[in-house]
Amino acid sequence: MKRALAALLLACGAPALAAYEPAGVCPIRPGALCIEADLPGADLAGADLAIADLSRANLKGANLSGANLRNADMDRAVLAGANLSQAILVSADLSGADLSQANLERANLQGANLEDADLRGASLEGADLRGAKLRGARLKGARLAGADLRRAVFEPRILRDAADTRGCRGC
């Protein structure tokens, strides 16, 4: 039915619907619209998802190591236990996201919005968080050794619960 409607509207002058994607399909490409996508455990290592909308997506346990997520919208996404090591998350919106137990080692999070994010038990060792927004973030048990938080916006009290801040700049 939806395909027939899309074909009818295309024939009537609605070319934007030519890119119709069936429900549940998430194209892995820059600018992808993957709102509420269900991709637990997906292997997206090195994927280019710059400016993609992954808000409220389920990426629990996914492998996004080295992925380009620059300016991606991932607000309220579930990334618990995900591997985001060396990912590019510059200016990404991760507000309210569940990043508990995630691996963010050496990730570039410059200017990222992590307000109200759950980072409990996450590894942010060597991560670049310069200029990131961390108001309301939960960091209990998070490892921030060697991370760079210069110019980051956060309440100093949130670092009290972090497990390791050795060598952390801006902490």
Task: Dipole magnitude (debye, nearest 20) for the chain, charges at Cβ of Lys, Arg, Asp, Glu - done: 400 debye
Open item on the list: Can you give me the long-range amide H partners of N63? Hydrogens built in the peptide plane at 1.01 Å from N, cutoff under 5 Å, separation of 5 or more residues or another chain.
Closed with: A42, D43, L44, N83
Open item on the list: Please state the shape class of the stretch 98-171: rounded when a/c is under 1.5, otherwise prolate if a/b exceeds b/c and oblate if not, all from the C-alpha gyration tensor.
Closed with: rounded
TODO: Name the long-range amide H neighbours of D53: under 5 Å, sequence gap of 5 or more, or other chain; modelled H, no Pro or chain starts.
DONE: A32, L33, C34, D73
Task: Kirkwood-based shape ratio for the stretch 45-102, expressed as Rg/Rh from alpha carbons - done: 0.91
Task: Rg/Rh (Cα only; Kirkwood hydrodynamic radius) as it applies to the stretch 68-142 - done: 0.90
Task: In degrees, nearest ten, helix 2-11 long axis to first principal axis of the chain (Cα) - done: 70 degrees
Task: Long-range HN-HN contacts of D38 with modeled amide H, under 5 Å - done: N58
TODO: Taking the Cα centre of the stretch 26-85 as origin, work out the dipole magnitude from +1 charges on Lys and Arg Cβ and -1 charges on Asp and Glu Cβ, in debye rounded to 20.
DONE: 80 debye
Task: Max mean-square fluctuation residue, GNM over the chain, Cα-Cα springs under 10 Å, options D48, D73, D161 - done: D161
Open item on the list: From the gyration tensor of the Cα coordinates in the chain, what semi-axes in whole Å does the equivalent ellipsoid have, largest first, with each one equal to sqrt(5λ)?
Closed with: 35, 14, 13
Open item on the list: Leaving out ligands and nucleic acids, and using a 1.4 Å probe, what accessible area per residue does the chain come to in Å²?
Closed with: 49 Å²
Open item on the list: Suppose a student asked you for the relative contact order of the stretch 66-171, using Cα pairs under 8 Å spaced at least 6 residues apart; what percent would you report?
Closed with: 19 percent
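The values are calculated or read from the model by the stated rules, or taken from the named source; none is laboratory data. Everything numeric here is computed off the predicted structure, so don't read it as measured data. A quick note on method: Cβ atoms are made from the backbone with ideal geometry, for glycine too, and the neighbour counts reach across all protein chains shown. The accessibility values were calculated without ligands, DNA or RNA, using every heavy atom of the protein model including side chains. Shrake-Rupley method; radii C 1.70, N 1.55, O 1.52, S 1.80 Å.
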